[in-house]
Amino acid sequence: MADTTSYSALAGTLEVATNQDAELRPTTSAHHLDTLDNDGEVLDGIADDDSLGEAMAGLPGHPKAEKLGVTSAVFLILNKMIGTGIFSTPSGVLLASGSVGMSLCLWLFGGILSLTGLSVFLEFGLAIPKSGGEKNYLERVYQYPKYLITCVFLGQMILLGFSAGNSLAFGRYVLFAAGVDFPSERSSRIIAVICITCVVALHALRPAIGMKLFNALGIFKVLVLALVVLIGVVALLGWLPIEDPHNFDNMFENSGFGGGIFNYATALLRIVYSYRGWENANYVLSELENPRRTLAVAAPLAIGGVMILYVLANVAYFATIPKDEIAHSGVIVAGLLFRRVFGTSAGARVLPLFVALSNLGNVLVVSFAHARVNYEFGKEGILPYSSFFAKMNKLGAPVSGLFLHWIVTCLVLVVPPPGEAYEFIVDLNTYPSAWINALVAGGLVYLQFNRSEQWSSPFHSLLPVTLAYLFSNFFLMYMPLVKTPGQEGHPGFLMASIGMGCLFMGVIYWLLWSIVFPWFGGYKIVDERVIEDDGNESVRYMKVQKRI
């Protein structure tokens, strides 16, 4: 096997020099390829300008940027983790878990689960210190059938990389701040569509302003969360002029809703959604200064800090709001906290608006990042009409990638049936990730015990920790499939079917892109590692014509 440090940035490539393709050296249309491969086929040059990678030649590289140190990496992870989840999902978690005590335990367990995942990602990330995250790790393990795991991951990133949850939460908090105590779902969805439309337009027409705005709004997430925690501390000390909701009396007693292992799985899916982002530094390892040391220090600090803040924030909700109101508050639980503490004052309106701005910050960040992921997939040549998605406008904005992100987000906002739209979007976004994470964890176990892989890493994830992460994802994959009496929320099989359907679309695309179309078109897909202008490696998937 090739040394693990040779894998590409963002693309996280497959091995280029396999036995079958050792003699293949794909080029752009400016060059001529006349080589005999091991199958006895003569391969000619690139077919045409609409091929799956040839139009990538000459694309401008990214300008060199200053490397990120430990402090910057910590905030990079914090800004991705702290978002709409902690301000919106506690109600759904309580509704599913059935008791205050179990709800808090599940939030703590979600943090521990993130730490076990971090252990797995640390071993992979320190062995393959390249940008791209799990795409690199999956391709390192699952090399055959060739390109299959790449296309499955493509299906997840394209079809499930939306900003619908944050946009919908933004709509509801804006309405709540405007005086609508119980925002209708239709109005919230309309505002959510307007939100994502304006964000995409801003990134396309004024990308510099968009970047400055989400950097500025990032501070709101931390400040608002810190304020929630502070209110909880003051409430526990009895310094607030509000009635004690007595939520901590018999805290493990079932409240008349939720409970049971299937509901716990549903609650945990929503908690995992709130913790998502802990792996953010693995996506940009090439941008870190001394990536091995920086990742090993920054990631545990960020995740540990967020876990403490999340548990304390939930304690604050339970210290100020009756649990029945929390369970049925939808996504505006933080708004209810401010209303209960500050009454109908201006502060009770302004503070929910800060939460809305926090949600807007997440929409800005996610749309910015995923548009560039779409752009990178276009550069690689793996997307249909890659040359279209691999273009930026004069301002350096990936407008085609932004448009694709906008289309997917709007569909997810509009298509779900009325009722529990936010919870459905959260579960739909999280469920397929459990499959991907299980593949990553299982792949690490394989590498550790298969000596022929010659696997080594500066960090070793202990087998019990890796297995805990693996089986916890198995639990999340299986339990929501069963709808039992008393289970809260939408049917789990519906969410699972749609989520897995997105991954299966990647399998279908792989069959068409790498097997069916090449067979009929008389060409072959080959991959080539490319050194970008910024020094990072990436991959290009080329369509190379066969010549008899």
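With a 1.4 Å probe and all protein chains in place, put Lys391, Lys323, Lys543, Lys221 in order of accessible area, largest first.
Working: Lys391 120, Lys323 50, Lys543 30, Lys221 5 Å².
Descending accessible area places them as Lys391, Lys323, Lys543, Lys221.
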Per-residue HN-Hα couplings for segment 387-396 [Karplus 6.51, -1.76, 1.60; θ = phi - 60°; Hz; x = Gly/Pro]: 4, 5, 7, 9, 10, 10, 7, 5, 8, x
Derived scalar couplings ³J(HN,Hα) [segment 380-386; Karplus, 6.51 cos²θ - 1.76 cosθ + 1.60; whole Hz; x for Gly, Pro]: 5, x, 9, 7, x, 6, 4
Calculated FRET value between Leu511 and Ala178, using beta carbons and R₀ = 60 Å, to 0.05: 0.75
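Can you tell me the length gained on complete extension of the stretch Ile112 to Asn215, counting 0.36 nm per residue apart and subtracting the Cα distance?
Stretched fully, the Ile112-Asn215 segment lengthens by 34.2 nm.
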Peptides 505-515, 448-458, 255-265 ordered by average Cβ neighbours within 10 Å, highest first: 255-265, 505-515, 448-458
Candidates per chymotrypsin sites (Phe, Trp or Tyr not before Pro) in segment 208-243, loop by DSSP, up to 15 other Cβ within 10 Å: Trp239
Cα gyration tensor, segment 114-217 - rounded (a/c under 1.5), prolate or oblate: prolate
Probe 1.4 Å, all protein chains present, accessible-area order of Glu243, Glu376, largest first: Glu243, Glu376
GluC sites (Glu not before Pro) restricted to DSSP loop in segment 253-359 with at most 13 other C-beta within 10 Å: Glu253, Glu289
Principal axis dimensions, largest first and in whole angstrom, of segment 215-300 by Cα: 51, 37, 22
Residue order for Asp427, Asp244 - accessible surface, 1.4 angstrom probe, largest first: Asp244, Asp427
Karplus-derived 3J(HN,Hα), 6.51/-1.76/1.60, for each residue of segment 217-222, Hz, glycine and proline x: 5, x, 5, 4, 4, 6
Separation of the Phe474 and Asn450 label points, Cα + 7 Å toward Cβ, nm: 1.9
Nonlocal amide H pairs with Met542, under 5 Å, H built at 1.01 Å: Val526, Asp527, Glu528
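The values are calculated or read from the model by the stated rules, or taken from the named source; none is laboratory data. Values in this document were obtained by computation on a predicted structure and should not be read as measured data. When we count neighbours, we look across all protein chains shown, and the Cβ atoms used for this are built from the backbone with ideal geometry, even at glycine. Heavy atoms of the whole protein, side chains included, go into the accessibility calculation; ligands, DNA and RNA do not. Shrake-Rupley method; radii C 1.70, N 1.55, O 1.52, S 1.80 Å.
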